[in-house]
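Data block below; observations after.
The values are calculated or read from the model by the stated rules, or taken from the named source; none is laboratory data. Please read these numbers as outputs of a predicted model, since none were measured by experiment. When we count neighbours, we look across all protein chains shown, and the Cβ atoms used for this are built from the backbone with ideal geometry, even at glycine. In case anyone asks, the SASA skips ligands and DNA or RNA and just uses the protein heavy atoms, side chains included. Shrake-Rupley method; radii C 1.70, N 1.55, O 1.52, S 1.80 Å.
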Amino acid sequence: MLANRLKLILGSIISDSQSAFIPGRTIIDNIMISAELMHYLKRKRQGKEGAAAFKINMAKAYDRIEWGFHSSIMLKMGFTPNFVNLIMLCVSTITYKFPRDGVELGSIVPSRGLRQGDPLSPYLFIICAEGLSLLINHYESAGLLHGVRIARGAPDLTHLFFADDCFIFFKVIPQEAQVLKTIFIFIWGCLGLLGAQGTINHGSYLGIPSYIGRSKLAGLSYIRDIVWKRLQGWNQKLLSRAGKEILLKTVAQAMSNYAMNIYLFPLELCRELKRMMNSFWWGKKGNDSGGITWMRWDKLCKPKTHRGIEFKRLHLFNVAMFGKQGWRLLTNPNTLVACLFKARYYPNTSFAEAQLGSNPSYVWRSILAAQPAIRQGSRIQIGGGQQTSIGSAPWLPDKDIGFTTSNLPVSISSATVDSLMVPN
């Protein structure tokens with residue numbers, strides 16, 4: 001009951017930089033933002049001062065939450081003492097017992113920490129993490145810490161959180177490094193003053209490569225490798241057709257779903273994955289040559305009502321995943337990720353009319369691949385008509401091309417729909 005009540009208000013008390021466990025925010029948002037920021041940092045050539053990204057992970061984060069701090073921050077946020085007391089009763093009354101040599105030892109009474117698996121624990125943790133976020137915001141407001149702004153009108157980003165994964169952004173000057181040392185009591189360092197070395201190996205963030213360079217196929221080759229390894233293990237087993245179908249659908253084709261939300265796979269990678277799965281489908285035990293291919297893979301991807309097996313067409317599925325991201329940018333314009341992309345790529349229009357722009361990131365190129373499908377399949381609800389242009393927006397339906405177009409004078413085409421309406 002307490003967890004359900006707490007969940008309803010988290011979006012209004014937790015800052016936009018935290019995406020974990022909050023309704024309406026997703027892990028994909030954080031990865032898209034971080035990828036866009038890394039693209040900006042990689043391409044940045046102007047200005048006297050550089051910018052840095054500092055990635056940390058909180059070790060044993062749940063186990064180190066101090067109960068006194070947790071109670072204090074909830075009271076500071078405005079929770080009533082009665083509600084805070086109920087929360088602390090759930091947290092602090094736990095005891096542990098464990099067997100040793102057939103004898104039960106305990107009870108052990110902890111003095112801090114949150115329990116794994118408790119429905120309250122994720123929400124309580126991000127409330128505590130909000131203390132760190134507010135501390136960073138305090139130094140930013142005082143002008144002692146500066147984040148990264150990727151375009152005019154874009155929000156300044158000093159930090160990005162997903163539960164215990166943290167990205168901190170700051171200027172590469174000694175004063176700001178010293179501020180970070182003040183914020184973090186124990187710190188492993190970053191760039192010179194903080195003790196760590198800069199790196200061109202960006203690693204991964206939340207399980208996805210933080211940055212992919214010119215060779216998209218090389219950057220995403222790990223997908224091919226893990227699918228190949230899994231298929232080779234299955235090739236040594238005697239599997240029926242039904243068993244192979246289940247494994248391909250629920251495991252092999254699902255292994256790339258997460259990355260497909262962020263990056264548009266090169267067609268060559270899709271073909272390689274298709275060849276590997278096709279070889280596994282038609283092959284025999286211990287034989288990775290593929291056997292005789294009795295039917296093309298494209299036909300196997302058709303629905304069962306059309307004599308197919310409903311395997312995924314990987315490229316089309318990839319584009320469909322970006323349709324979800326594009327739709328969220330279009331219908332949730334106030335989210336942090338939408339504000340960032342709008343300021344960078346379509347400041348004076350909506351996602352439906354956005355262009356590729358100059359020096360676009362790989363993430364933006366990927367999202368834009370789904371724009372034609374979104375434009376064709378969506379309609380604008382007119383309302384007052386002040387936000388919809390007459391000539392370019394999809395507001396009048398047409399059965400053939402998705403929306404009605406016509407050759408109009410520029411003065412009419414650029415006007416908004418409300419100019420066609422009689423006032424009142």
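Carbon-plus-sulfur accessible fraction, the chain (probe radius 1.4 Å, protein heavy atoms only): 55%.
In this simple spin-label model, placing a label point 7 Å from the Cα along the Cα-to-Cβ direction at both ALA151 and ASN332 gives a separation of 2.0 nm. Accessible surface computed residue by residue for the stretch 227-284, with neighbouring protein chains in place and a 1.4 Å probe, gives 47 Å² per residue.
Here, P(r) means the percent of Cα pairs in each 10 Å bin from 0 to the largest distance; for the stretch 30-93 it is 16, 28, 18, 22, 14, 2.
Taking only the C-alpha atoms of the stretch 304-424, the Rg (one decimal) and the largest Cα-Cα distance, Dmax (whole number), read 17.0, 57 Å.
Near LEU368, once Lys and Arg are set to +1 and Asp and Glu to -1 for all other residues with Cβ below 12 Å from its Cβ, the sum equals +1. By the helix-only formula, in which each DSSP H run with n ≥ 4 contributes -39500 (n - 2.57) and the sum is divided by residues, the chain has a 222 nm mean residue ellipticity of -12500 deg cm²/dmol. What the Cβ-Cβ distance of THR305 and ILE94 gives, at R0 = 60 Å and to the nearest 0.05, is a FRET efficiency of 0.65. Across the stretch 367-382, coupling constants 3J(HN,Hα) worked out from phi with the 6.51/-1.76/1.60 Karplus curve, θ = phi - 60°, read 5, 5, 5, 8, 4, x, 5, 5, 4, 6, x, 10, 9, 8, 7, 5 Hz, and Gly and Pro carry x.
Residue separation of SER204 and SER392 scaled by 0.36 nm, minus their Cα-Cα distance, works out to 63.7 nm of gained length. Summarising the label geometry, the points placed 7 Å from Cα in the beta-carbon direction at LEU408 and LEU86 lie 5.5 nm from one another. Here the stretch 149-185 is scanned for amide nitrogen atoms under 19 Å from the site 7 Å beyond the Cα of LEU135 along Cα-to-Cβ, giving 158-171, 175-185. Return the single residue from GLN381, GLN175, GLN46 with maximal mean-square fluctuation; model: Gaussian network over the chain, springs between Cα atoms under 10 Å. So, out of GLN381, GLN175, GLN46, the one fluctuating most is GLN46.
Heavy-atom accessible surface of the stretch 1-62, averaged per residue, reaches 51 Å², computed with a 1.4 Å probe. Near GLY357: Cβ cut-off under 15 Å, other residues only, Lys/Arg at +1 and Asp/Glu at -1. The net charge is +3. For THR93, THR305, THR335, the ranking by accessible surface with the largest value first comes to THR305, THR93, THR335, using a 1.4 Å probe. When the Cα atoms of the stretch 378-419 are aligned to their principal axes, the ranges along those axes come out at 26, 24, 10 Å in descending order. Length gained on full extension, GLU104 to LYS171: 18.6 nm, using 0.36 nm per residue less the C-alpha separation.
Simple spin-label estimate for ASP298 and ARG112 gives 6.2 nm between the two label positions (7 Å along the Cα-to-Cβ direction from each Cα).
Taking LEU368, LEU314, LEU134 in turn, the Gaussian network model of the chain (Cα-Cα springs below 10 Å) assigns the largest fluctuation to LEU134.
If the segment from TRP228 to ASP63 were pulled out straight at 0.36 nm per residue, it would be longer than the present Cα-Cα gap by 55.6 nm. The GluC sites (Glu not before Pro) of the stretch 227-318 that meet both conditions, a loop assignment by DSSP and at most 15 other Cβ atoms within 10 Å of the site Cβ, are GLU310. Scanning the chain for DSSP H helices at least 18 Å long along the axis (C-alpha atoms) with a Kyte-Doolittle mean no lower than 0.0 picks out 27-43, 121-141, 314-331.
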